[in-house]
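Notes to accompany the following structure.
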Amino acid sequence: MFVRPCWRPQSLDQAYQIIDENLWALLVNNGDDGPLVTNLPLLLDRTKGPFGTLLGHLARANEHAVALFAATAPTLAVFHGPYSYVTPSWYPNRDMPGTYYYIAIHCYGRIRAQDDAELEATLKILNDRMEQPIAGGWRMDEVPRSEITRRLPSIAGFELEIERLEAKFKLGQDEPRKDALAVADRLLASRDASQRQLGDAVRRANIGRTD
């Protein structure tokens, strides 16, 4: 991924926060007929490995599962943070071309298969994470455990230990400060929560600049 020095996050924690808040990811491997890509949720465990470990699962019937566990090259996981088209009309002098402001994280690493106990534990963490904001959310212990375990043979759980992490926070840092902050103001005024989140990131990335 092309990342100018000014687009790099100020800390690894900034990249981790994007992964935690946007766990719907793309998993990519090489295949015999081209790339294999699966959309799926990936959980970040910051305590495992030098750059953390991603936990996930996919159906064993998915052809990607075979390639995933046979892969000798690194697997890629792609996360997207908030993004927006930026119209030239948002700049004070309307003299800049249109562009996109966005945040993206690419994680490369090797795959390790989970056993059933590890998979079941990961599924519980994922379920609790997704159900937590839902009033009266569902718990896995609401059904007999056999209803969970009988499904495990159909699911391939895995861990991806991150060996290389590339993070791109393209938030106007290579543009005049006044232009980037004008864009931040427009985004912060949006009714869309994702746009406001991006606006806040743009402001934080540019407010302290002296250039």
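Read-outs throughout are calculated quantities, based only on the coordinates presented, and are distinct from any laboratory measurement. Model, not experiment: these values are computed from the prediction. Quick reminder, even Gly has a Cβ in these numbers, built from the backbone with ideal geometry, and neighbours come from all protein chains shown.
Averaging Cα coordinates gives a centre for segment 1-78 and one for segment 154-206; these two points are 18 Å apart.
Classify segment 45-86 from the C-alpha gyration tensor, please: rounded if a/c falls under 1.5, else prolate or oblate depending on whether a/b exceeds b/c. It is oblate, given that a/c is not under 1.5 and a/b is not larger than b/c. Estimated from the Cβ-Cβ distance and a Förster radius of 45 angstrom, the FRET efficiency linking Asp32 and Thr99 is about 0.75.
Among residues other than Val3 with Cβ under 15 Å from its Cβ, the summed charge is +3 (Lys and Arg +1, Asp and Glu -1). Here the Gaussian network model covers the chain, with springs between Cα atoms less than 10 Å apart; of Ser89, Ser146, Ser194, Ser146 fluctuates the most. Please report the net charge: other residues with Cβ closer than 12 Å to the Cβ of Leu68, K and R +1, D and E -1. Taking every other residue near Leu68 into account, the sum is +1. Residue-normalised convex hull volume from the C-alpha trace of segment 88-140: 139 Å³ per residue. Considering only Leu54, Ile103, Gly31, the residue lying farthest towards the positive end of the dipole of segment 1-116 is Ile103, judged by Cα position with unit charges set on Cβ.
Rg/Rh for the chain stands at 1.05; both radii use Cα atoms, and Rh follows the Kirkwood definition. Across the options Phe79, Trp7, Phe69, the greatest Cα extent toward the positive end of the charge dipole of the chain (unit charges at beta carbon of Lys, Arg, Asp, Glu) belongs to Trp7. Computed across segment 1-77, the Kirkwood hydrodynamic radius from all distinct Cα-Cα pairs reaches 14.1 Å. Taken about its Cα centre, the chain carries a charge dipole of roughly 660 debye when the Cβ of each Lys and Arg holds +1 and the Cβ of each Asp and Glu holds -1. Using the Cα coordinates of segment 86-211, the gyration tensor eigenvalues translate into equivalent-ellipsoid semi-axes of 44, 20, 11 Å, sorted from longest to shortest.
Of the residues Pro74, Pro144, Pro35, the one that moves most in a GNM of the chain with alpha-carbon contacts below 10 Å is Pro144.
Between the Cα long axis of helix 193-206 and the first principal axis of the chain there is an angle of about 60°, rounded to the nearest 10. The alpha-carbon of Lys170 sits under 20 angstrom from the alpha-carbons of these aspartates and glutamates, leaving out residues fewer than 8 places away in its chain: Asp13, Asp20, Glu21, Asp95, Asp179, Asp185, Asp192, Asp200, Asp211.
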